[in-house]
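Novice: Quick one: the structure is below, and I'll ask about it shortly.
The values are calculated or read from the model by the stated rules, or taken from the named source; none is laboratory data. Since the model is a prediction, treat every value here as computed from it, not as a measurement. Glycine gets a Cβ as well: all are built from the backbone with ideal geometry, and neighbour counts include every protein chain shown. Keep in mind that these areas ignore ligands, DNA and RNA; they rest on the heavy atoms of the full protein, side chains included. Shrake-Rupley method; radii C 1.70, N 1.55, O 1.52, S 1.80 Å.
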Protein chains: 2
Amino acid sequence: MKGIDQPEAQKRFKSLYLINGLIIVGSALSGTAMSKDHLPSWNDGAAKQEITRFVKDVATPGGPKFVPAAERIAVFDNDGTLWAEQPMYFQAFFAFDRVKALAPLHPEWQTKEPFASVIKGDIKAALSGGEHGLFEMVTATHTGMTTREFEKIVIDWISTAKHPKTGRLFTEMAYQPMLELLAFLRANGFKTFIVSGGGIEFMRPWAERVYGVPPEQVVGSSGKTKFEMTNGNPVLTKLPELNFFDDNVGKPVGIHQHIGRRPIAAFGNSDGDLQMLQWTSAGSGPSFALYVHHTDAEREWAYDRTSHVGRLDKGLDEAKAKGWTVVDMKRDWKVIYAFEKQ
Amino acid sequence: MKGIDQPEAQKRFKSLYLINGLIIVGSALSGTAMSKDHLPSWNDGAAKQEITRFVKDVATPGGPKFVPAAERIAVFDNDGTLWAEQPMYFQAFFAFDRVKALAPLHPEWQTKEPFASVIKGDIKAALSGGEHGLFEMVTATHTGMTTREFEKIVIDWISTAKHPKTGRLFTEMAYQPMLELLAFLRANGFKTFIVSGGGIEFMRPWAERVYGVPPEQVVGSSGKTKFEMTNGNPVLTKLPELNFFDDNVGKPVGIHQHIGRRPIAAFGNSDGDLQMLQWTSAGSGPSFALYVHHTDAEREWAYDRTSHVGRLDKGLDEAKAKGWTVVDMKRDWKVIYAFEKQ
């Protein structure tokens, strides 16, 4: 199948079917080449082969590497692994839009950084404060309301806001090959979790629709919430205080806290995912660790060791040393986004 | 079926079958009264009727109260709801046994309360420090090791330690009617979670075996953990610092943090569960809230408004005011523990 894209393959098998005129031949080919290819957007290279071999190994009852379904836990980073993260984390676009929307209520922001730069539309200056500045904006715009109010704000934004480069909804910038991988794992008895440095409440409102991952299988960074009675109704209010930072060394901690058992497969794209991959690989049974390497400057972005967003440096060295799977986006993925196929 | 216990009912149906001599009669009776009764340890009173009606309502496609399977989240308190909690929380027995086991390494405990009283076997004096003293013992005995080492300690203890009154393993003191209820909910598409004030790492090692609840569906109190490399191996070390206290107002917070959507059914037994029941009942769709009321001094324990363990006071008033289901253990449960049937 190498080098043959899906529509062409279908044509070829149809021809075969007509020439032979035997239903059984058509079925057999369709069984092996079409219905059985659960990863049609992946080129048939090492990455695809390693994934399919691992999944087959752990899901084959009686096989030497069989893992009971209850233990087939797979964890995925989000930014840069399941959807794009350039020119900045998509949640930063959300925070910027919230700053602009809330600016009339905060006259003090007109002269206070990083808010003032956001309001002026100077993104570069707004980001010059690094993670601290971003955290300040997230705190100011993601708290002081109920969890339900925040959920509604996220749903409204994610349904309408567009990415400045592609002009697409941010959810359309989910990677088609990774969506196929999530579905392929679930079809083989895996429970798929997101374990992201992004906000847990920013991802949950749309993760089920976009990734097929229900809220209870989303792990992320979070602020504290407080239970209160308001007019006799119980509400959870979002407080301006960090609860948990789910990145780097926080990822295995978050996995332990939320999932309570060690995953057997982990998927990431940056040094922030390294500890999650290390933790997953250190189990006593079969395990799988994969890095998505951003190598496609034309269809997506190319960046790794020196990038400010999604830096992949130590992780790339460790992947080579330990024989982890590294996806070369340019070489391994037939399409990046589903909309390319339209 | 009211007032007829299961073996007697089986005898009666057998007789009917013999008198009539018709297979179809026997099957019909067996179908309605035996195989279809998923809650055989429940007497046929209001509580059982309210449970079965709710479950049927939300699981009937096209019905006015139908709830999609993904939203059928049920949350259960553990101590006093799924297993007994007298004369003290079972995790306190565990902490006491750990204090005794670790005493040789801590000569200072011989003169330091509450440790000294535990070592002397004076439980009453050991508990006189209240929750603070208990927390101190839990911190001293549940930390300073890896999560994996702690898991092994829990498994060893829970497999061997016996309850002082019943002489049974603590896991044998799970309530048979609640085990049936958990299975009944799951058979109707519910995802069942434990949401307990008890330690999350104390419950997870055995909750799947005893309750059918996997680790990722256990929510509880926790200490902080730290990711570290030890001899090139990643470990999570348990720190002597509280991460989250999952009781009272903490339960809706824990539910939001771990599950991320509002449950539609909640089961508790004490005022510590009140906010969880309030939060569950405040959803926009159908919901169900149930209190287990400990009324059986003979087969179990009878306690409510003035008990130090599992106090049910405000909750009982609110249950009456809001029409929540209240289980009268003495009246509603045919058996408390599975071992009674042996």
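Novice: Return a yes/no flag: does the stretch B:282-301 have any residue that is of a type in the set (Val, Ile, Thr) and within 28 Å of A:Met203 (Cα to Cα).
Specialist: no
Novice: Filter the stretch B:200-233 down to the residues that are at the interface with chain A (Cβ under 9 Å from one of its Cβ atoms), more than 22 Å from the chain's Cα centre (by Cα), surrounded by fewer than 19 Cβ atoms within 10 Å (Cβ to Cβ) and not aliphatic (A, V, I, L, M) and list them by number.
Specialist: Once the filter is applied, which keeps residues that are at the interface with chain A (Cβ under 9 Å from one of its Cβ atoms), more than 22 Å from the chain's Cα centre (by Cα), surrounded by fewer than 19 Cβ atoms within 10 Å (Cβ to Cβ) and not aliphatic (A, V, I, L, M), the stretch B:200-233 yields B:Lys224, B:Lys226, B:Glu228, B:Asn233.
Novice: Which pairs have Cβ atoms under 6 Å, sit 6 or more apart or on different chains, and link a residue in the stretch B:41-68 that is among the acidic types (Asp, Glu) to one that is open to solvent by less than 30 Å² (accessible area, probe 1.4 Å)?
Specialist: B:Glu50/B:Thr325
Novice: Right, another one. Would you tally the residues in the stretch B:77-123 being closer than 30 Å to B:Asp328 by Cβ and charged (D, E, K, R)?
Specialist: So the answer is 3.
Conditions tested, residue by residue: (1) open to solvent by less than 10 Å² (accessible area, probe 1.4 Å); (2) without any contact (Cβ under 8 Å) to a residue 40 or more places away in the chain; (3) in contact with a Phe, Trp or Tyr (Cβ under 6 Å, 6 or more places away or on another chain).
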residue: B:Phe90; (1), (2), (3): yes, no, yes
residue: B:Phe93; (1), (2), (3): no, no, no
residue: B:Val99; (1), (2), (3): yes, no, yes
residue: B:Lys112; (1), (2), (3): no, yes, no
residue: B:Val118; (1), (2), (3): yes, yes, yes
residue: B:Ala125; (1), (2), (3): no, yes, no
residue: B:His132; (1), (2), (3): no, yes, no
residue: B:Ala140; (1), (2), (3): no, no, no
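Novice: Name the residues in the stretch A:257-271 that are within 13 Å of chain B (Cβ to nearest Cβ) and part of a helix (DSSP H, G or I), would you?
Specialist: Of everything in the stretch A:257-271, those that are within 13 Å of chain B (Cβ to nearest Cβ) and part of a helix (DSSP H, G or I) turn out to be A:Gln257, A:His258.
Novice: Which one of these does A:Thr192 not meet: (1) over 28 Å from A:Phe288 (Cβ atoms); (2) within 14 Å of chain B (Cβ to nearest Cβ); (3) touching a residue at least 60 places away in the same chain (Cβ under 8 Å)?
Specialist: Against the list (1) over 28 Å from A:Phe288 (Cβ atoms); (2) within 14 Å of chain B (Cβ to nearest Cβ); (3) touching a residue at least 60 places away in the same chain (Cβ under 8 Å), A:Thr192 comes up short only on (1).
Novice: Turning to a different aspect of this structure: If I ask for residues that are among the β-branched types (Val, Ile, Thr) and touching a helix residue (DSSP H, G or I) at 6+ places or on another chain (Cβ under 6 Å), which ones from the stretch A:228-260 would you list?
Specialist: A:Val249, A:Ile259
Novice: Among the listed residues A:Ile259, A:Ile264, A:Ile255, identify the single one that is touching a residue at least 12 places away in the same chain (Cβ under 8 Å) and in contact with a Ser or Thr (Cβ under 8 Å, 6 or more places away or on another chain).
Specialist: Only one candidate qualifies: A:Ile264.
Novice: From the list B:Pro61, B:Pro104, B:Pro68, exactly one residue is within 15 Å of B:Val118 (Cα to Cα), over 24 Å from the mean Cα position of the chain (by Cα), modelled with pLDDT of 95 or more and not polar (S, T, N, Q). Which is it?
Specialist: B:Pro104
Novice: I've got another one for you. In the stretch A:281-309, which residue that is small (Gly, Ala, Ser) and either surrounded by 24 or more Cβ atoms within 10 Å (Cβ to Cβ) or in contact with a Ser or Thr (Cβ under 6 Å, 6 or more places away or on another chain) (or both) is nearest to the other protein chains (Cβ to nearest Cβ)?
Specialist: A:Ser281
Novice: Now a separate question. Quick check: is even one residue across the stretch A:261-280 of a type in the set (Ser, Thr, Tyr), in contact with a helix residue (DSSP H, G or I) (Cβ under 6 Å, 6 or more places away or on another chain) and open to solvent by less than 30 Å² (accessible area, probe 1.4 Å)?
Specialist: no
Novice: When residues of the stretch B:144-166 are filtered for being more than 14 Å from chain A (Cβ to nearest Cβ) and not hydrophobic (A, V, I, L, M, F, W, C), how many remain?
Specialist: Of the residues in that region, 9 qualify.
Novice: Among the residues that make up the stretch B:150-167, is at least one of them of a type in the set (Asp, Glu), touching an Asp or Glu at 6+ places or on another chain (Cβ under 8 Å), at pLDDT 95 or above and open to solvent by 30 Å² or more (accessible area, probe 1.4 Å)?
Specialist: Checked against the condition, which is being of a type in the set (Asp, Glu), touching an Asp or Glu at 6+ places or on another chain (Cβ under 8 Å), at pLDDT 95 or above and open to solvent by 30 Å² or more (accessible area, probe 1.4 Å), the stretch B:150-167 yields at least one hit.
Novice: Take the residues in the stretch B:240-256 that are charged (D, E, K, R) and more than 10 Å from chain A (Cβ to nearest Cβ); name whichever of them is most open to solvent (accessible area, probe 1.4 Å).
Specialist: For the stretch B:240-256, the residue satisfying everything is B:Glu241.
Novice: Continuing with the same structure: Inside the stretch A:285-342, can you point out the residues that are touching a helix residue (DSSP H, G or I) at 6+ places or on another chain (Cβ under 7 Å), of a type in the set (Gly, Ala, Ser) and not in a helix (DSSP H, G or I)?
Specialist: Matches in the stretch A:285-342: A:Ser287, A:Ala289.
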